[in-house]
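Enquirer: Got a structure here, written out as structure tokens. Questions coming.
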Amino acid sequence: MRIGILDIQGSVEEHKKKLFQLGVKPIMVKSAEDFERLDGLIIPGGESTTIGLLLETGGLKKALVKAVRCGMAVWGTCAGAILLSKFGLIDIEIERNAYGRQIDSFETEIAFLGKTIPAVFIRAPKIRSAGKPVEILSEYGDSKTAVRQGKILATSFHPEMTDDRTVHRYFLKMC
Ligand code: GLN
């Protein structure tokens, strides 16, 4: 299975480590050609404005959108989820920095498809609403925290920053 990690900015190393733990050697995606023949791609958390701007260079965004439309699975964590919504790839309304500033970041437990897992929220967005084709996989307080539309997964938290592998395993199955 060919799984890529968008290697521009953010929690790249953490995702890489998780995939290795699950027996997958990821492809580090830095250029438009790297999107070719991927079964799945992870867009890490970080700063969505920065990642978005860098994606505009070298035809990266175009290659990403094309690959998703051609059936590649994709998972956006936090900033990655914001970008999936911004690029019109998933039908959700998402509000940036909705829990407050960096100091308001926190760790808690949430139910992901009925299983309790640890969840780290870092200047996280809130998924306020989701369209009909979107499946809700987890919720916390007044917002959805994991959603799926076909082969597109978005989480507002960071599964790559805990010891739990549930969401990475789930994504690999999607691929
Ligand atoms: N606050 C960041 C943004 O809006 C996202 C933070 C994160 O990915 N942990 O882009």
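Enquirer: Once label points are set 7 Å from the Cα along Cα→Cβ at both residue 136 and residue 86, what is their separation, rounded to one decimal in nm?
Expert: It works out to 2.6 nm between the two label points.
Enquirer: Quick one: order 70, 78 from most to least accessible surface, probe 1.4 Å.
Expert: On the way: 70 105, 78 5 Å².
Sorted descending by solvent-accessible area, the residues read 70, 78.
Enquirer: Separate question: Report, by chain and number, residues whose modeled amide H sits under 5 Å from the one on residue 110, excluding near sequence neighbours (fewer than 5 apart, same chain).
Expert: Amide H to amide H, under 5 Å and 5 or more residues apart or across chains, residue 110 pairs with 117, 119.
Enquirer: Short version: ³J(HN,Hα) in whole Hz for each residue of segment 114-128, in order, from phi by Karplus 6.51 cos²θ - 1.76 cosθ + 1.60 (θ = phi - 60°), x for Gly and Pro, what are they?
Expert: x, 9, 7, 9, x, 9, 9, 10, 10, 6, 7, x, 10, 7, 7
Enquirer: Then there's this: So how much accessible area does residue 13 have, in Å² to the nearest 10, using a 1.4 Å probe?
Expert: Roll a 1.4 Å probe over it and residue 13 shows about 110 Å².
Enquirer: May I pose another question? With the full set of protein chains in place, find how many percent of the accessible area of the chain is carbon and sulfur; take the probe as 1.4 Å.
Expert: Values: 3940 of 8160 Å².
Answer for the chain is 48 percent, counting heavy atoms of protein chains only.
Enquirer: Another question, if that's okay. Take every Cα-Cα pair in segment 100-175 and report what % of them are more than 19 Å apart. Kindly include the intermediate steps, with their values, before the conclusion.
Expert: Details: 904 of 2850 pairs.
Summing the P(r) tail past 19 Å for segment 100-175 gives 32 percent.
Enquirer: Provide the three semi-axes, in whole Å and in decreasing order, of the ellipsoid equivalent to the chain as defined by the square roots of 5 times the Cα gyration tensor eigenvalues.
Expert: That gives 22, 18, 16 Å for the three semi-axes.
Enquirer: Considering the alpha-carbon set of segment 58-131 alone, what are its Rg and its Dmax in angstrom?
Expert: Reported Rg and Dmax, both Å: 14.3, 41.
Enquirer: Right, next: Give the accessible area for residue 38 in Å² (nearest 10); use a 1.4 Å probe, count only protein heavy atoms, and leave out ligands, DNA and RNA.
Expert: Solvent-accessible area, nearest 10 Å²: 20 Å².
Enquirer: How much of the DSSP bridge set in the chain is antiparallel, in percent, rounded to the nearest 5? The partial results should precede the final answer.
Expert: On the way: 21 of 35 bridges.
Here the antiparallel bridges make up roughly 60 percent for the chain.
Enquirer: If you don't mind, there's one more thing I want to ask. Where the centroid of each part is defined by its Cα atoms, how far is segment 142-161 from segment 100-124 in Å?
Expert: Comparing the Cα centres of segment 142-161 and segment 100-124, I get a distance of 11 Å.
Enquirer: Over segment 1-98, average the accessible area per residue using a 1.4 Å probe and give it in Å², no decimals. Could you put the intermediate results ahead of the total?
Expert: Working: 4410 Å² over 98 residues.
That works out to 45 Å² per residue.
The values are calculated or read from the model by the stated rules, or taken from the named source; none is laboratory data. Just so it is clear, the model here is predicted, and its values are computed rather than measured. FYI the Cβ positions are ideal-geometry reconstructions off the backbone, even for glycines, and counts take in every protein chain you see. Accessible surface areas use protein heavy atoms only, side chains included; no ligands, DNA or RNA. Shrake-Rupley method; radii C 1.70, N 1.55, O 1.52, S 1.80 Å.
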